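Below is one structure, written out as structure tokens; the observations come after it.
The values are calculated or read from the model by the stated rules, or taken from the named source; none is laboratory data. Owing to the predicted nature of the structure, the values given are computational and were not obtained by experimental measurement. Every residue, glycine among them, receives a Cβ derived from its backbone with ideal geometry; neighbour counts consider all protein chains shown. What goes into the accessible areas is simple: the full protein's heavy atoms, side chains included, and nothing from ligands, DNA or RNA. Shrake-Rupley method; radii C 1.70, N 1.55, O 1.52, S 1.80 Å.
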Amino acid sequence: MRGSHVIGEAATRAGCRFYAGYPITPQNELPEYLSKRFAELEDATFIQAESELAAINMVMGASMAGVRAMTSSSSPGISLKQEGISYMAGTELPAVVVNVMRGGPGLGNIAPSQQDYFQATRGGGHGGYRTIVLAPHSGQELVTLTMKAFDLADRYRLPVVLLGDGLMGQMMEPVTFPDPIDPATLPRKDWVLGGAKGRGGHLLASLLLDPSKMEQHNWKLARKYAAIRERETEHESYLLDDAVLAVVAFGTAARIAKGAVNRVRKAGLKAGLFRPVTLWPFPERQLRALTPRLKHILVFEMNLGQMVEDVKLSIGEQATVHFYGRPGGIVSTPHEIAEAITKLCYRYDLG
Amino acid sequence: MEISQHPYAEFLRTEMMPNIWCSGCRIGRIKNAFIEAIQHLGYDPDTCAVVSGIGCSSRITGYLNLDTIHATHGRAIPTALGVKLANPDLKVTVMGGDGDILGIGGNHFLALGRHGHDLNVFCMNNYGYSMTGFQHGPTTPLGARTITTMGGSPYAPVNPVAIALAAGYTFVARSTSSHPYHLMDCMISAMKNRGPSFVEILVPCMLFERRNKIKSLEALFLNKAKIKETLSEEDVDQNDFTKEISLGIFRDTPVREKPQLSLVKSAKKKAVKTYRVNFRSRASGIKYIQIRMEGTGGQGIVQGGKTLIHAAMNMDPKLNSTLTKRYGPEMKGGSCVTDVLLSAQPIDYPFVEVPDLLLMMSDIVTKERGGAVIINDKGTIVADESMVDLSLLDGLPSTVKVFGVPATQIARDNFRVVVANNVMMGFVCKTTSIIEKNCIKAAILKSAPPGTEEMNLAAFEKGYEFGKP
Ligand code: SF4
């Protein structure tokens with residue numbers, strides 16, 4: 001099944017019953033799939049909005065009404081959605097936002113890229129908030145992480161970003177799906193708009209004119225973010241036990257890096273891969289734990305170096321961080337990365 | 001009087017009082033008319049939600065003790081639509097100002113008319129952006145002074161009623177905050193209408209009055225406005241308080257018959273003959289194969305790749321596979337490449353580096369590459385003789401197997417050109433025996449549009465006949 005369809009099916013099975021989107025390449029296959037899939041369901045709504053802004057705000061409305069809701073877009077469209085994402089973060093509303101990244105800046109191109117790492121992991125919009133960011137690297141992980149995104153969004157009441165790229169979206173891989181979740185069985189949300197009888201009305205707003213109230217609210221958000229940092233980091237370690245050099249990469253890049261690691265291992269070089277699955281929260285502690293045993297870390301990204309900053313923050317002076325990356329939608333081959341690893345191993349005499 | 005004794009106390013968040021409106025602002029009256037309308041209709045507050053954007057008028061949601069949303073500037077309509085679609089039992093009303101609804105949110109205002117959903121949009125027109133000190137907005141009258149048009153606005157104002165009528169709202173009315181009973185009636189009728197309803201509510205803003213040395217807009221409204229039972233086209237234009245204002249209901253039509261929301265059920269396809277091909281799955285023993293199909297956009301290059309990958313999955317569901325495609329800048333007529341990888345191990349890099357099997361439907365890609373043919377030394381090339389200049393394939397190592405099949409010619413002579421890719425599949429199937437015949441046929445059936453199954457399968461068989469085992 002094609003990656004973008006996998007996301008659609010996984011979302012449906014996670015109990016998502018509302019999707020609003022706007023056409024942009026390379027993610028059109030996802031709304032295309034959902035428009036068909038949701039038509040089979042009595043309780044689901046698919047709507048093509050009049051703009052990206054409309055789409056994210058429709059998702060906001062649906063989320064306020066208590067439904068599991070999703071939107072998707074690609075880089076320029078995600079920029080347009082940032083205002084709505086900030087409002088949702090401020091109002092503490094769950095939603096899943098899929099970003100099928102393409103080359104940038106500006107309109108860029110439609111080739112696979114990882115140039116939105118900063119935007120995704122730093123909140124993206126105004127107001128100093130965070131969103132959980134999940135980076136799948138395989139078809140099967142598109143299933144698990146899409147479903148997990150809905151759970152996390154509901155649990156912590158915040159937008160969760162699923163960060164993929166065009167390659168992820170169009171790759172066809174065999175996957176297995178878990179049984180669908182019946183939305184009726186999901187825990188009730190006690191804050192939604194469902195009628196004000198017998199209680200005060202709910203006012204869902206992110207406007208807090210009184211600075212002290214705004215401060216309180218921000219502290220509350222900060223505590224929530226701290227709890228997420230504490231509990232929700234996820235990563236994969238691949239052949240790291242005996243490694244002398246670790247490659248750090250996420251998403252499609254991690255997949256390519258895995259191939260490179262396999263290649264250099266055949267040639268006798270002990271490299272391994274550390275793959276962050278959650279980009280925010282970043283698995284800092286887990287990465288730091290590799291050092292100081294590992295003296296050298298090679299970060300590989302499909303951009304000119306964004307996650308590398310988080311890697312450096314995580315490990316401080318404990319190891320030397322190297323970087324290899326290509327921007328603009330060129331997809332490096334495993335061979336290229338293997339070469340980069342090999343060069344480092346020879347230069348620093350890593351056995 | 002204690003605020004708790006307010007006649008509408010039940011509907012108000014009294015803890016939010018006093019409100020932030022200027023004393024003398026008339027927006028509060030509109031809020032009251034809304035409460036009266038709900039009471040009159042006997043609506044259970046439990047079923048009412050109000051959504052607003054940002055601005056003086058949008059503050060209404062802060063004071064109404066219903067479920068309310070204070071949404072993003074300009075986006076009240078899509079947010080409300082999200083609520084409505086997710087919970088159709090709610091009666092959802094959008095309240096906002098002219099800047100919010102017609103300015104920054106204008107696109108959504110238009111789209112709602114077209115979408116046709118049951119939402120009420122009550123737009124308070126106070127002729128500018130009041131909350132921020134009164135800048136000019138979409139409805140600011142020509143020549144009016146605002147803090148961004150101190151010499152008088154040079155812009156022609158829009159007519160909200162005319163736009164709503166053109167956009168397809170099923171209920172359109174105009175009233176003012178100075179005619180509370182008329183306003184309430186309009187709101188009641190609007191809420192009864194089951195389509196998108198729009199009420200323009202003229203409301204005096206004191207900042208506007210001050211800037212333009214108008215003593216009392218309210219007096220002007222009361223003086224110039226006429227409530228009319230029946231309205232003509234001319235009345236649409238009469239919205240200028242210096243001349244004449246026509247108030248009343250411009251349109252109240254039943255919502256047009258149309259499929260509900262997104263729940264459009266796809267029309268039942270005519271019962272056509274159903275085709276079936278049985279195949280058996282087994283362990284294929286494939287370790288790693290790189291297949292590239294290339295040609296010209298429109299030749300079914302991507303479809304061919306899909307057929308291959310589905311066929312491989314039919315044969316051995318345990319295989320890992322990826323399909324990626326690349327187009328030249330133009331979709332039709334430009335170069336097109338589809339890469340298919342089949343592997344026993346998870347695939348790390350989804351593009352073909354050196355193909356083991358290269359299917360050339362035309363030579364456009366190779367020519368773009370300057371004539372270089374990339375192929376594994378022990379690989380196989382199958383070229384469509386009718387489309388590929390075979391001299392390009394001279395000079396390849398003798399270990400490379402090269403086959404030609406006039407796929408396009410065969411398709412043109414016997415069927416239609418579009419099935420040339422399946423002629424190719426048939427030929428490849430017999431010649432390479434990578435994938436079993438029935439697995440490919442089942443894959444072809446899976447993607448063949450209804451009614452073309454027979455032709456596609458026949459094309460495959462024709463190619464198979466030509467194949468060299
Ligand atoms: S600025 Fe104008 S619209 Fe706003 S509260 Fe004052 S009078 Fe009312």
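Entry comment: accessible area of segment B:1-106 is 32 Å² per residue, from protein heavy atoms only and a probe of 1.4 Å. Values of log10 I(q)/I(0) for the protein assembly as shown across q = 0.05, 0.08, 0.09 Å⁻¹ run -0.35, -0.80, -0.94, by the Debye formula with one identical scatterer at each alpha carbon and no solvent. Of all the options A:G61, A:G316, A:G305, the one that moves most in a Gaussian network model of chain A with Cα springs shorter than 10 angstrom is A:G316. Label-to-label distance, B:S343 versus B:K318, with points set 7 angstrom from Cα along the beta-carbon direction: 1.8 nm.
In summary, the lysines within cross-link reach of B:K243, defined as a Cα separation below 26 angstrom excluding same-chain residues under 8 places away, comprise B:K213, B:K215, B:K224, B:K226, B:K228.
Surface exposure of segment A:237-347, expressed per residue as accessible area with a 1.4 Å probe, stands at 38 Å². Dividing the summed helix terms, -39500 (n - 2.57) for each DSSP H run of n ≥ 4, by the number of residues in the protein assembly as shown produces a 222 nm estimate of -10500 deg cm²/dmol to the nearest 500. The mean accessible area for residues of segment B:306-370, using a 1.4 Å probe and ignoring ligands and nucleic acids, is 37 Å² per residue. At a 1.4 Å probe, which residues in segment A:73-97 are at least 10 Å² less accessible with all protein chains present than in their chain isolated? Correct list: A:E83, A:Y87. Rg over Rh for chain B works out to 1.25, both radii taken from alpha-carbon positions and Rh defined as the Kirkwood radius. With all pairs of different C-alpha atoms in the average, the Kirkwood value for the hydrodynamic radius of segment A:1-66 is 12.0 Å. Phi angles across segment B:342-347 convert, under the Karplus curve 6.51 cos²θ - 1.76 cosθ + 1.60 with θ = phi - 60°, into 3J(HN,Hα) values of 10, 8, 6, 9, x, 8 Hz, Gly and Pro given as x. Taking a straight Cα-Cα cut-off under 23 Å and skipping sequence neighbours fewer than 8 places away in the same chain, the lysines within cross-link reach of B:K401 are B:K287, B:K367, B:K378, B:K430, B:K437, B:K462, B:K468. Annotation: amide H of B:K91 within the under-5 Å range of B:C48, B:A49, sequence separation 5 or more or interchain, hydrogens built in the peptide plane.
Magnitude of the charge dipole for segment A:31-143, about its Cα centre and with charges confined to Cβ atoms of Lys, Arg (+1) and Asp, Glu (-1), is about 300 debye. Using only side-chain charges placed at the Cβ, +1 for Lys and Arg and -1 for Asp and Glu, the dipole size of the protein assembly as shown relative to its Cα centre rounds to 800 debye. The length gained by stretching the chain between B:V158 and B:R326 to full extension, at 0.36 nm per residue less their Cα-Cα distance, is 55.8 nm. For segment A:258-272, backbone phi angles converted through the Karplus equation (6.51, -1.76, 1.60; θ = phi - 60°) give residue-by-residue couplings of 4, x, 5, 4, 4, 5, 5, 5, 4, 7, x, 8, 8, 10, x Hz, Gly and Pro being listed as x. Once C-alpha pairs closer than 8 Å and six or more residues apart are averaged by separation and normalised to the residue number of segment A:3-231, the relative contact order reads 23 percent. Shown here for segment B:170-232: trypsin sites (Lys or Arg not before Pro) in loop regions (DSSP other than H, G, I, E, B) with at most 16 other Cβ atoms within 10 Å, namely B:R194, B:K213, B:K215, B:K228. Could you run the numbers on buried accessible area between A and B, total for both chains, 1.4 angstrom probe, in Å² to the nearest 100? Chains A and B together bury roughly 4300 Å² of accessible area.
In this label model, A:E40 and B:T274 are separated by 1.5 nm, measuring between points 7 Å along each Cα→Cβ vector.
Taking H placed 1.01 Å from N in the peptide plane, check which residues at least 5 places from A:H322 or on another chain put their amide H under 5 Å from its amide H. Amide H to amide H, under 5 Å and 5 or more residues apart or across chains, A:H322 pairs with A:I297, A:L298, A:V299. Segment B:399-469 and segment B:58-77 have Cα centres lying 61 Å from one another. Couplings for segment A:136-142, taken from phi via the Karplus curve 6.51 cos²θ - 1.76 cosθ + 1.60 with θ = phi - 60°, read x, 10, 8, x, 5, 6, 4 Hz in order; Gly and Pro are left as x. For segment A:237-347, the normalised intensity computed at q = 0.11, 0.18, 0.21, 0.24 Å⁻¹ comes to -0.28, -0.80, -1.12, -1.49 (log10 of I(q)/I(0), Debye sum over alpha carbons, equal scatterers, no solvent).
A rounded overall shape is assigned to segment B:288-466, the ratio a/c of its alpha-carbon gyration tensor axes (a ≥ b ≥ c) being less than 1.5. Here is the size of segment A:3-231 from its Cα atoms: Rg then Dmax, 16.9, 54 Å. The mean number of partner chain beta-carbon atoms within 10 angstrom of a residue's beta-carbon across peptide B:102-110 is 2.
Within the accessible area of the protein assembly as shown, the carbon and sulfur atoms contribute 53%, probe 1.4 Å, all protein chains present.
If you count Lys pairs in segment A:3-231 whose Cα atoms are under 20 Å apart, skipping same-chain pairs closer than 8 places in sequence, the total is 6. Amide H contacts of B:M124 (H built 1.01 Å from N, in plane; Pro and chain starts excluded): B:G96, B:G97, B:D98, B:I201 sit under 5 Å, all sequence-distant by 5 or more or on other chains.
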